[in-house]
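Peer 1: Structure below; questions to follow.
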Amino acid sequence: MFLDLVEWTASEDWRKEPASEPILEFAAPRFDAVWRKVKGKGTKIGDLEEHQLHRLRINVKKLRYAVDFLAPLYARKRVRKFASSLEEMQDCLGLIHDDMVSREIVADFALAETGRTDITVRSRQLKTMEGRFKRLKRVGHFWNS
């Protein structure tokens, strides 16, 4: 979405002719596309493999940045709740990702056990993520209301 907007701005087409569509009409399908990816993976968080969790993390980040960028165009309270839920999910996914990377580093250098098991860290964060995702769904997306 950002790239489309930057391209449109940089092309200066907006100076030559009126915008072909209002920004909200431009944003909604893009929000929908990323939201579908987040929602699809979010409903089965506990079953996701590491690469799928990483993809979910990237999509949550994309959605959060888009929400932050376009937030002023929407009802403040709904956006704030949605953005807050995304931020909490992003934090959990970040901890899971950090744990995965640290385990890879330990394995690469054949170091001794760190004292914490990936199962404990991951399962705790996945449980937290499930609750945060439920909250995000309950808050609901705000751009098509």
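The values are calculated or read from the model by the stated rules, or taken from the named source; none is laboratory data. From a predicted model like this one, the values you see are computed outputs, not experimental measurements. Note that each Cβ is placed from the backbone with ideal geometry, even for glycine, and that neighbours are counted across all protein chains shown. Remember, those area values only see protein heavy atoms, side chains included, never the ligands or the DNA or RNA. Shrake-Rupley method; radii C 1.70, N 1.55, O 1.52, S 1.80 Å.
Peer 1: How high is the FRET efficiency from SER11 to HIS51, r the C-beta distance, R0 35 Å, rounded to 0.05?
Peer 2: 0.45
Peer 1: How much length would be gained if the chain were fully extended between LYS127 and LYS81, taking 0.36 nm per residue of separation minus their Cα-Cα distance, in nm to one decimal?
Peer 2: On the way: separation 46, 0.36 × 46 = 16.56 nm, distance 2.04 nm.
So the chain would gain 14.5 nm between LYS127 and LYS81.
Peer 1: Oh, and also: Applying a 10 Å radius around every beta-carbon, put 47-54, 67-74 in order of their mean neighbour count, most first. Walk me through the intermediate numbers first.
Peer 2: Numbers: 47-54: 13.5, 67-74: 15.2.
Highest-to-lowest ranking by the protection proxy: 67-74, 47-54.
Peer 1: Probe radius 1.4 Å, ligands and nucleic acids ignored: give me the carbon and sulfur share of the accessible area of segment 21-82 as a rounded percent.
Peer 2: Looking at segment 21-82 in its full context, I get 53 percent from C and S.
Peer 1: Can you give the accessible area per residue of segment 47-89, in Å², using a 1.4 Å probe?
Peer 2: Accessible area per residue: 57 Å².
Peer 1: A follow-up question, please. Between ASP91 and LYS37, how high is the FRET efficiency from 1/(1 + (r/R0)^6) when r is the Cβ-Cβ distance and R₀ = 22 Å? Nearest 0.05.
Peer 2: With a Förster radius of 22 Å, E is 0.70.
Peer 1: Between ASN144 and VAL101, what is the FRET efficiency for a Förster distance of 41 Å, r being their Cβ-Cβ separation, to the nearest 0.05?
Peer 2: 0.70
Peer 1: Report the label-to-label distance for PHE26 and PHE69 in nanometres (one decimal), using points 7 Å from each Cα along the Cα→Cβ vector.
Peer 2: The two pseudo-label positions are separated by 1.0 nm.
Peer 1: Quick check: net charge around ARG57, other residues with Cβ under 14 Å of its Cβ, Lys/Arg +1 and Asp/Glu -1?
Peer 2: So the surrounding residues net to +1.
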